[in-house]
Every structure is written in C-alpha cells, then in structure tokens.
1. Taking the condition of a type outside the set (D, E, K, R), within 25 Å of ASN20 (Cα to Cα), assigned to a loop (DSSP other than H, G, I, E, B) and at pLDDT 95 or above, does GLY55 pass?
2. Do the conditions hold for GLU84, that is, is it exposed (fewer than 12 other Cβ atoms within 10 Å of the Cβ) and out of contact with any helix residue (DSSP H, G or I) (no Cβ under 6 Å at 6 or more places or on another chain)?
3. For VAL91, indicate whether it is in a loop (DSSP other than H, G, I, E, B), aliphatic (A, V, I, L, M) and in contact (Cβ under 8 Å) with a residue 12 or more places away in the chain.
4. I need the full set of residues from region 26-41 which are closer than 20 Å to ALA3 by Cβ and in contact with a strand residue (DSSP E or B) (Cβ under 9 Å, 6 or more places away or on another chain), in order please.
5. State yes or no: is VAL131 among the aliphatic types (A, V, I, L, M) and in contact with an Asp or Glu (Cβ under 8 Å, 6 or more places away or on another chain)?
6. Considering only residues of region 92-144 that are of a type in the set (D, E, K, R) and touching a helix residue (DSSP H, G or I) at 6+ places or on another chain (Cβ under 8 Å), which is nearest to SER5 (Cα to Cα)?
7. Of all residues in region 1-45, which are in contact (Cβ under 8 Å) with a residue 12 or more places away in the chain, closer than 17 Å to GLU67 by Cα and not in a strand (DSSP E or B)?
8. Filter region 117-132 down to residues that are surrounded by fewer than 17 Cβ atoms within 10 Å (Cβ to Cβ) and either small (Gly, Ala, Ser) or in a strand (DSSP E or B) (or both) and give me whichever is farthest from the chain's Cα centre (by Cα).
Amino acid sequence: MKASSGHIVKVHYTGKFTDNTLFDSSVDAEPLEFQLGQGMMIPGFEAAVLGMEVGQAKQGVLIPAAEAYGPVNPEMMFEVPMNELPPATTVGTQLQAEAGNGQVIPVTVAEVNGDVAVIDANHPLAGKDLVFDIELVSITPSAD
C-alpha cells in the first residue's frame, strides 16, 4: 500500500539544515504520527511521504523554505522597550508573547538597540531550506 491523502502514517525522520547541522530527529524516540492531507505537516514533508510504502526510506529530501515554514516575515518582527522585558534579556533570549487571539507564541530577541529590543515572532525555521531523511514505518487507513 502506498501512502495517500487521508492515511495515518508513522515516520522516523532526521531534519538538517543545508550545512548538515541537525535540528531535529525522531530516530531515538517514537515515530512521528500524522494524517496525510490535513495540513498537519509542512507541505514539502507531506509531499515527500505521499506515495511511499512501509519500510521505504528517502535520504536527503530538500525542502525549500517556501515549502517548509515560509520566508521570514518582516511584519512578525517588532520593537519592545527593554523595560518591558525580563532584566537579563539579551540577543537570543527566548520569550513567550500573547497574540491578539490569546494564543501564547514563542518569540526570540533578535536585536538589542539601547533601550529597545527587536522581537522576532517568526517560526525559528522560517527562511531556511531543510533536508530530511524519512523512513515510513506504518500506514493506517483513516477511520473516516
């Protein structure tokens, strides 16, 4: 059986940047489970799994930023006065912010310019091309 839209699949994966730096892996953990065609995964990852068979592996699947987490959106970067942030805030500090809908989102301090910090609310992998090794572990037809 080939993986197709609606199937629930389990995969093992290793994700790297194009310079071969590892950013995530399920190899020493439980496989990642998701339903194909539901938008649960980045588009390029889902496209790579479609058509795979159980036991099949793909190495070095390049997913450009546009098919991953998209480009860096300048509208997701904003300035905040330093006196509104924790005292030890520096570039790279991870914080949480509340979006207008009440959802809590992770943000990163991208710059500190005197008494103002630039906060980046983009996904940490936005603007990055990603490379995945993927192994399809199981396919279950949807119960729907």
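The values are calculated or read from the model by the stated rules, or taken from the named source; none is laboratory data. Owing to the predicted nature of the structure, the values given are computational and were not obtained by experimental measurement. Ideal geometry is used to build each Cβ from the backbone, glycine not excepted, and the neighbour counts take in all protein chains shown.
1. Details: of a type outside the set (D, E, K, R): yes; within 25 Å of ASN20 (Cα to Cα): yes; assigned to a loop (DSSP other than H, G, I, E, B): yes; at pLDDT 95 or above: yes.
Spelling it out, GLY55 is indeed of a type outside the set (D, E, K, R), within 25 Å of ASN20 (Cα to Cα), assigned to a loop (DSSP other than H, G, I, E, B) and at pLDDT 95 or above.
2. Values: exposed (fewer than 12 other Cβ atoms within 10 Å of the Cβ): yes; out of contact with any helix residue (DSSP H, G or I) (no Cβ under 6 Å at 6 or more places or on another chain): yes.
Taking the combined requirement at face value, the residue satisfies it.
3. yes
4. Scanning region 26-41 gives SER26, VAL27, GLU30, PRO31, LEU32, GLU33, PHE34, GLN35, LEU36, MET40, MET41.
5. Numbers: among the aliphatic types (A, V, I, L, M): yes; in contact with an Asp or Glu (Cβ under 8 Å, 6 or more places away or on another chain): no.
Against the criterion (among the aliphatic types (A, V, I, L, M) and in contact with an Asp or Glu (Cβ under 8 Å, 6 or more places away or on another chain)), VAL131 does not qualify.
6. Ranking the qualifying residues of region 92-144, first place goes to ASP129.
7. THR18, LEU36, GLY37, ILE42, PRO43, GLY44, PHE45
8. VAL118
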